[in-house]
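Presented below is the structure to which this report refers.
The values are calculated or read from the model by the stated rules, or taken from the named source; none is laboratory data. All values reported here derive from a predicted model rather than from experimental measurement. Glycine gets a Cβ as well: all are built from the backbone with ideal geometry, and neighbour counts include every protein chain shown. Each accessible area value is taken on the protein alone, full model and side chains, heavy atoms only, with ligands, DNA and RNA left out. Shrake-Rupley method; radii C 1.70, N 1.55, O 1.52, S 1.80 Å.
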Amino acid sequence: MVTSTKKEDVYASLLLTDTYLPGALVLAHSLRDAGTTKKLAILVTPDTVSTEVIAQLKTVYDYVIYVDRIRNGKPANLFLMNRPDLHSAFTKINLWKQTQFRKIVYIDADVVAYRAVDELFDLPHAFSAAPDIGWPDLFNTGVMALTPNMGDYYAMVAMAERGISFDGADQGLLNMHFGNTYNRLSFTYNVTPSAHYQYVPAYRHFQSSINMIHFIGSDKPWKQGRESSSGSGPFDEMTGRWWAVYDRHYRKEAGHAPNIVQYFVKGEYNPTTRYVVPTGEPNGWDAQRQSPPTDSKPEAANFPRTHYEMSQDTSQFQAPERYPSPPKNMWYQVPSEREQPKSVFPWENNQPRPTRVFAENPLAPVTPAPKSPGPAIRTAPSPGGTAWNSFSQSNAWDEIPQINRYVDSMQRHRRSRSQILAASPGRSTSGERQEEQTEERRGSIKLPVAEGVPAQAEWDPAAQLQKLAKQQSEVLLEKLGASGAGQTQESISVDGKEIPHRPLPFGSEDILAEAPDLVSGKTTPRTVESRSPSVSTTATIAVPAYQGPGAMFEKGEDYMTQDTPAPPTEEDRDILQT
Ligand SMILES: O=c1ccn([C@@H]2O[C@H](COP(=O)(O)OP(=O)(O)O[C@H]3O[C@H](CO)[C@@H](O)[C@H](O)[C@H]3O)[C@@H](O)[C@H]2O)c(=O)[nH]1
Ligand SMILES: [Mn+2]
């Protein structure tokens with residue numbers, strides 16, 4: 001058995017923003033006042049229309065239908081007609097989706113009806129519209145009689161998604177979709193008054209047959225205010241008809257005008273009576289002046305919908321009695337082996353052999369550079385030899401003639417000034433030998449012999465440096481260790497510089513850093529007891545950051561010879577401030 005479901009006919013309008021509320025209300029009242037037998041529906045985009053405005057719509061419209069906004073993602077054409085505000089006019093396409101209705105007579109919110117046009121529901125055509133005054137071969141989309149169907153709907157949604165519309169809005173899209181297949185209605189169904197041009201004789205001739213007036217363009221009656229149409233021309237007459245309906249239902253003096261409607265009508269809103277947010281409370285509540293009433297409902301109680309359109313399960317979420325506690329044994333397992341990242345480029349697998357080699361285990365960070373009188377020339381280390389052997393053991397001036405000449409000239413100058421350096425008693429024989437050698441090279445100059453300096457032949461610089469480094473590190477560690485063990489006020493001297501005793505900064509007592517072994521160059525954590533009198537945890541000696549003048553020294557530039565106390569670091573300041 002087939003049940004015949006008789007579908008309803010309905011007038012429909014559209015509200016995309018609160019600002020068109022007066023228009024939508026006046027349209028509905030104009031149809032009702034004219035005695036329509038049809039129901040009134042309005043499509044509303046709930047994301048851009050407030051709940052208070054929706055509440056107002058519900059006082060006049062039988063159906064408030066929530067629809068998704070269809071925006072034009074390519075709104076460039078809208079700027080051609082100076083109407084960027086129509087970015088969401090494509091939303092009108094949703095009319096074709098309302099297949100619960102047999103026929104829809106759609107009317108823009110900026111239309112006022114002189115009479116109920118119920119005869120439009122009897123048209124046999126699937127789509128009817130009236131000519132547009134700007135280009136009469138096209139139809140205006142402010143008044144349309146249509147039969148909802150998903151075929152047209154999907155075709156037009158596809159166009160909207162691609163931004164296909166010559167004016168960037170619905171009128172351009174609908175005219176492109178229907179072309180000249182539409183049933184052309186009389187202009188009397190969609191008369192568009194203009195303040196700039198009016199065919200006055202035609203207006204007078206057809207005046208009595210006008211069905212609906214449509215205030216196209218951005219100047220709507222409620223945006224202009226009632227003073228703007230006080231003349232006697234056709235435009236003022238037609239605008240006056242809009243105000244007549246408005247005043248019948250919303251005039252201030254009538255006493256029952258809701259503030260919210262007046263709020264969107266220019267010149268109607270009286271600032272001495274504040275706009276009151278309707279809360280469902282009998283006396284209203286002025287949120288700007290009063291705290292909320294104690295028995296007021298939460299805001300969510302006013303939501304137009306409590307679930308999404310596509311939700312299968314429309315029941316409300318119920319929170320469980322209690323949530324389980326989070327696990328307490330959560331930690332990140334550091335991977336034991338460091339994975340080599342996969343190679344990306346071909347040359348990563350096919351690397352050429354290096355042609356330049358550097359010392360494998362440079363001691364530079366901990367060992368002061370050997371203080372030879374001239375700049376040392378570094379060469380690649382010989383395999384199996386100590387690190388010291390990687391340094392050339394000759395002086396640059398022995399090999400560079402320019403330096404040699406310069407030293408000679410200096411010595412000559414000195415000699416001429418003083419010859420008193422002749423013989424000095426008590427110098428060692430080894431010193432004598434050394435000086436002789438020097439004399440051989442430098443000419444006849446006699447220099448005083450330094451005490452306790454071994455002869456060149458007995459001197460193995462590599463072995464001596466190795467020994468010195470070992471001694472230095474042992475002395476340093478011994479001192480640091482000893483002072484930590486309770487000799488609180490003994491200061492340490494490294495390289496002739498005194499390291500004064502200071503308590504470690506608060507909070508740093510537990511820090512364990514890696515100190516490189518001064519001799520082997522290997523990194524070994526060394527713990528030394530903290531010198532802070534109150535705390536006796538272990539701390540580690542950090543490697544000094546300062547490593548000598550470096551490149552600046554070699555370039556002969558100025559460098560700091562004295563330590564300046566460094567300003568506190570970010571970290572220090574964090575600790576100091578807490
Ligand atoms: O901020 C807005 C803008 C538009 N609308 C709704 O969208 C309709 C169309 O906008 P409207 O300002 O009336 O456009 P018109 O000035 O009439 O411009 C013409 O061009 C539009 C875009 O193509 C068509 O929608 C109109 O039917 C056509 O008359 C309005 O009536 C309202 O229903 C709003 O609710 N809020
Ligand atoms: Mn319009």
Once you have a ≥ b ≥ c as the square roots of the Cα gyration tensor eigenvalues for the stretch 208-264, tell me rounded if a/c is under 1.5, and otherwise prolate or oblate according to whether a/b is larger than b/c. prolate
For Asp33, Asp132, the accessible-area ranking with a 1.4 Å probe, largest leading, is Asp33, Asp132
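Where does each of Phe101, Phe166, Phe264 land when they are ordered by accessible area, with a 1.4 Å probe and the largest first?
On the way: Phe101 15, Phe166 95, Phe264 45 Å².
Sorted descending by solvent-accessible area, the residues read Phe166, Phe264, Phe101.
By how many nm would the segment from Ile400 to Ala126 lengthen if fully extended, with 0.36 nm per residue of separation less the alpha-carbon distance? Can you show the working numbers first?
Numbers: separation 274, 0.36 × 274 = 98.64 nm, distance 10.42 nm.
This chain segment gains 88.2 nm when fully extended.
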With a 1.4 Å probe and every protein chain left in place, tell me how much accessible area Trp459 has, in Å² to the nearest 10. 110
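Probe radius 1.4 Å, ligands and nucleic acids left out: which of Ser336, Ser473, Ser209 has the largest accessible area, and how do the rest follow?
Values: Ser336 120, Ser473 10, Ser209 50 Å².
Ranking Ser336, Ser473, Ser209 by accessible area, largest first, yields Ser336, Ser209, Ser473.
How large, in percent, is the carbon and sulfur part of the accessible surface of the stretch 14-88 at a probe radius of 1.4 Å? Could the numbers behind the result be given before it?
Numbers: 1700 of 3150 Å².
For the stretch 14-88, the apolar C and S fraction of the accessible surface comes to 54 percent.
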Residue-level accessible surface for Phe358, protein heavy atoms, 1.4 Å, Å²: 150
Residues with amide H under 5 Å of Ile70's amide H, sequence separation 5 or more or different chain, H placed in the peptide plane at 1.01 Å from N; which? Thr91
Leaving out ligands and nucleic acids, note down the accessible area per residue over the stretch 148-201 with a 1.4 angstrom probe, in whole Å². 50
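What does the extension gain come out to for Glu161 and Tyr332, with contour length at 0.36 nm per residue minus their alpha carbon separation? Mind showing how you got there, number by number?
Values: separation 171, 0.36 × 171 = 61.56 nm, distance 4.65 nm.
Result: 56.9 nm gained on full extension.
Which order do the peptides 309-316, 219-226 take when ranked by the mean count of other beta-carbon atoms within 10 Å per residue, highest first? Don't skip to the end; give the middle numbers.
Numbers: 309-316: 7.5, 219-226: 18.4.
Going from most to least packed, we get 219-226, 309-316.
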What pairs in Lys103/Lys220; Lys7/Lys38; Lys58/Lys297; Lys74/Lys97; Lys39/Lys223 have C-alpha atoms more than 18 Å from each other? Lys103/Lys220; Lys58/Lys297; Lys74/Lys97; Lys39/Lys223
Expected unfolding gain across Arg71-Thr51 under the 0.36 nm per residue rule, minus the alpha-carbon gap, is 5.1 nm
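Can you tell me the accessible area per residue over the stretch 70-141, all protein chains present, probe 1.4 angstrom, in square angstrom? The partial results should precede the final answer.
Details: 2980 Å² over 72 residues.
Counting only protein heavy atoms, the per-residue value for the stretch 70-141 is 41 Å².
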I'd like the accessible area for Tyr114: 1.4 Å probe, protein heavy atoms, all chains in place, Å² to the nearest 10. 50
